[in-house]
């Protein structure tokens, strides 16, 4: 079987076909996921970090949440003790920046865009994450883990330390897939 595969590749080279054109694109891989719950323990959605090449994306879906905009952040500790989720700690901020993409001193790794729930309380978002996927995973999967927290109101992308986004209304702990 190996000899046949080598002959097939050799045949492509002789025929002038570029090898790179025949190589499949790397598949996206889910590397961490978190079921998300309200402070009362009700299912509120799901979050997954997906990596393709060395780029990461966060895919979230929420149900049964208040319609409108909600702040969303990675928090420094993988703990979601309700009802207020203070066990999740502050925003994930390994570089010691201030909060917010509009803050001249920001932003930190935990800063994510707001998500908007429709009139029925459903929200979906695909969020590109900055930096290398390898560095992100290392920070998220450290010894105390990382939580994803949905807030009651929108993040203003400026106010340090939390974007003035209000109470923590849903939380999930990332686990490596």
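The values are calculated or read from the model by the stated rules, or taken from the named source; none is laboratory data. All values reported here derive from a predicted model rather than from experimental measurement. Here the Cβ is made from the backbone with ideal geometry for all residues, glycine too, and neighbour counts use every protein chain on show.
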Do the conditions hold for residue 64, that is, is it in contact (Cβ under 8 Å) with a residue 24 or more places away in the chain, over 13 Å from the mean Cα position of the chain (by Cα) and over 22 Å from residue 41 (Cα atoms)? no
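Looking only at residues in segment 109-124 that are assigned to a strand (DSSP E or B) and surrounded by 17 or more Cβ atoms within 10 Å (Cβ to Cβ), which one is farthest from the chain's Cα centre (by Cα)?
The first filter runs over segment 109-124 and keeps only residues assigned to a strand (DSSP E or B), leaving 111, 115-117, 123-124.
Those still in the list that are surrounded by 17 or more Cβ atoms within 10 Å (Cβ to Cβ) too: 111, 115, 117, 123.
On the way: 111: 10, 115: 12, 117: 18, 123: 15 Å.
It comes out as 117.
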Let me spell it out: the conditions are (1) more than 14 Å from residue 73 (Cα to Cα); (2) touching a helix residue (DSSP H, G or I) at 6+ places or on another chain (Cβ under 9 Å), and residue 96 meets all of them except one. Which number is the exception? (2)
Enumeration of residues in segment 142-171 that are buried (at least 17 other Cβ atoms within 10 Å of the Cβ) and within 18 Å of residue 47 (Cα to Cα): 145, 146, 147, 148, 149, 150, 151, 168, 169, 170, 171
Provide a single number: the residues in segment 85-104 that are touching a residue at least 40 places away in the same chain (Cβ under 8 Å), in a loop (DSSP other than H, G, I, E, B) and surrounded by fewer than 17 Cβ atoms within 10 Å (Cβ to Cβ). 5
Looking across segment 35-84 at residues that are in contact with a helix residue (DSSP H, G or I) (Cβ under 7 Å, 6 or more places away or on another chain) and modelled with pLDDT under 95, the single one that is surrounded by the fewest Cβ atoms within 10 Å (Cβ to Cβ) is 54
